[in-house]
1. Residues to consider are Tyr113, Tyr157, Tyr163; find the one that is surrounded by fewer than 16 Cβ atoms within 10 Å (Cβ to Cβ) and closer than 20 Å to Asn251 by Cα.
2. Could you tell me which numbered condition Arg14 fails, if it satisfies all but one of (1) within 30 Å of Tyr100 (Cβ to Cβ); (2) of a type in the set (Lys, Arg); (3) outside any helix (DSSP H, G or I)?
3. Within the group Phe168, Phe191, which residue is under 16 Å from Trp82 (Cα atoms) and of a type in the set (A, V, I, L, M, F, W, C)?
4. Anything in region 1-10 that is out of contact with any helix residue (DSSP H, G or I) (no Cβ under 7 Å at 6 or more places or on another chain) and within 10 Å of Ile97 (Cβ to Cβ)? List them, or say none.
5. Can you tell me which of Ile125, Ile108, Ile97 is more than 16 Å from the ligand (Cβ to nearest atom) and among the aliphatic types (A, V, I, L, M)?
6. Report yes if some residue within region 281-297 is open to solvent by 30 Å² or more (accessible area, probe 1.4 Å), more than 30 Å from the chain's Cα centre (by Cα) and more than 10 Å from the ligand (Cβ to nearest atom); otherwise report no.
7. Go through region 345-391 and count every residue that is hydroxyl-bearing (Ser, Thr, Tyr) and assigned to a loop (DSSP other than H, G, I, E, B).
8. Considering only residues of region 342-379 that are open to solvent by less than 30 Å² (accessible area, probe 1.4 Å) and of a type in the set (Ser, Thr, Tyr), which is farthest from the ligand (Cβ to nearest atom)?
Amino acid sequence: MEAHIVEWLNLLVRWIHFIIGVAWIGASFYFNWLENHLNRKPPQDEGIAGNLWAVHGGGFYHLKKFTNGPDKLPEVLHWFKWEAYMTWVSGMTLLAIVYYYNAKAMMIDPSVYDLSPTAAILIGIGSGVVSWFVYDLLCKSPLRKKPLILGIFIFIYISILAYVLTQFLSPRAAYIHVGAAIGTMMAANVFFVIIPAQKEMVKALTENRIPDASYGENGLLRSRHNNYLTLPVLFIMISNHFPSTYGNQYNWLVLIAVALVGVLARHYFNIRHISKAVWMLPTALFGFIMIVLATMPAKQGELATSDKITTAEIMPIIEQRCMSCHSTKPTQAGFARAPAGLAYDIAGSLENNADKVNTQVMQKIMPLGNLTQMTAEEREKVNRWYRTLKP
Ligand code: HEC
């Protein structure tokens, strides 16, 4: 009953998180696109920096960007901030439902580090808080005058974070907490820097004075960071489904390599209207292919006939180590139904999913948190069964 409710709660919050995240990123991509596509050619109307015509959903739109702002504030001025805040709030709620609620299984991998659930949760939450402070300090340091160097420092920090977290938390928990830390930086940028900058602009306008330029500069810098961080964060969110990423021995390196590819792809779309940097997108694709090659599992030689193992022979291992969760009626607390729809008491289910089973077992992702204490010898047997099945 409890597990059933938690599953639906997970679904509801995930759904909400996804929808609001789409709204946030959609608005952010849209304004970025708008800025890059403004027609700035003279003649422009008095006080207008550029304008843009668009057609969408059966109507024509004509937008203008003011050089400094309008003479008088309009009655209704739209702000874009709740998407950011609510994406963060729903994301943290989801983290609590999926990871903190079930920390022993979801956050701890004894083969990585034998933590207590409380310690794992504290590391998780702490990593987000620390990341914001480190990032914010970097942005306020003299480095802010050198955006590229600052960007490199931020990237180095994220790499260190990924490395440290993968040394303590289970691989998937480590990945998602890097994502959560980046998401925290992004939402906090909106809350602490970007919105205050906009408030200062509005205030200056009503007081008939020139706004303090430093607010605007900081706002722009943080907004740029958010733009580049979007792709790595989205990758981390979906990486959960791809054991080749988080399951790799050097999973933190895979994370930052894919993140780098994402940043490069984003950079191409940011500058393609001012510079024909056509090499960037193919380079990003090339980088991606290199990651695919670098993470390729080593080829395993032919199995001697005497080493071959049948499904019936590994079934006792599967029963003991997997079926407390993966069965039509799981006995493990917190599991209402077979996770990922995989119930090994259904005939053929093990063989039909042999690729996945082998990957999950050999990369030590399953059994989850090794709750059922599968031994290295048993893993090796499952691998021999797999190679018997798929020579
Ligand atoms: C404590 C519960 C638990 C145990 C024990 C367990 N699993 Fe899982 N397994 C899960 C959960 C939860 C998921 C779903 C993960 C997710 O959210 O994608 C899962 C997913 C999987 C998947 C699907 C992965 C994918 O990429 O879709 C495979 C394959 C798998 N488990 C195999 C096994 C095998 C083999 C064993 C035994 C050696 C095992 N599991 C033991 C909880 C468990």
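1. Values: Tyr157 fails: surrounded by fewer than 16 Cβ atoms within 10 Å (Cβ to Cβ); Tyr163 fails: surrounded by fewer than 16 Cβ atoms within 10 Å (Cβ to Cβ).
The conditions single out Tyr113.
2. (3)
3. Working: Phe168 fails: under 16 Å from Trp82 (Cα atoms).
So the residue among Phe168, Phe191 that is under 16 Å from Trp82 (Cα atoms) and of a type in the set (A, V, I, L, M, F, W, C) is Phe191.
4. Step one: list which residues in region 1-10 are out of contact with any helix residue (DSSP H, G or I) (no Cβ under 7 Å at 6 or more places or on another chain), which gives 1-5, 7-8.
Result: Glu7, single match.
5. Values: Ile108 fails: more than 16 Å from the ligand (Cβ to nearest atom); Ile97 fails: more than 16 Å from the ligand (Cβ to nearest atom).
Exactly one residue qualifies, and that residue is Ile125.
6. So far as region 281-297 goes, no, none of its residues is open to solvent by 30 Å² or more (accessible area, probe 1.4 Å), more than 30 Å from the chain's Cα centre (by Cα) and more than 10 Å from the ligand (Cβ to nearest atom).
7. Start the filter on region 345-391 by keeping residues that are hydroxyl-bearing (Ser, Thr, Tyr), which leaves 349, 359, 372, 375, 386, 388.
When the remaining residues are screened for being assigned to a loop (DSSP other than H, G, I, E, B), the result is 372, 375.
Residues that pass the stated criteria total 2.
8. Checked region 342-379; the qualifying residue farthest from the ligand (Cβ to nearest atom) is Ser349.
The values are calculated or read from the model by the stated rules, or taken from the named source; none is laboratory data. Everything numeric in this text was worked out from a predicted model, so none of it was measured. As a convention, Cβ positions derive from the backbone with ideal geometry for all residues, glycine included, and neighbour counts pool all protein chains shown. Side chains included, ligands, DNA and RNA excluded: accessible areas come from the protein's heavy atoms. Shrake-Rupley method; radii C 1.70, N 1.55, O 1.52, S 1.80 Å.
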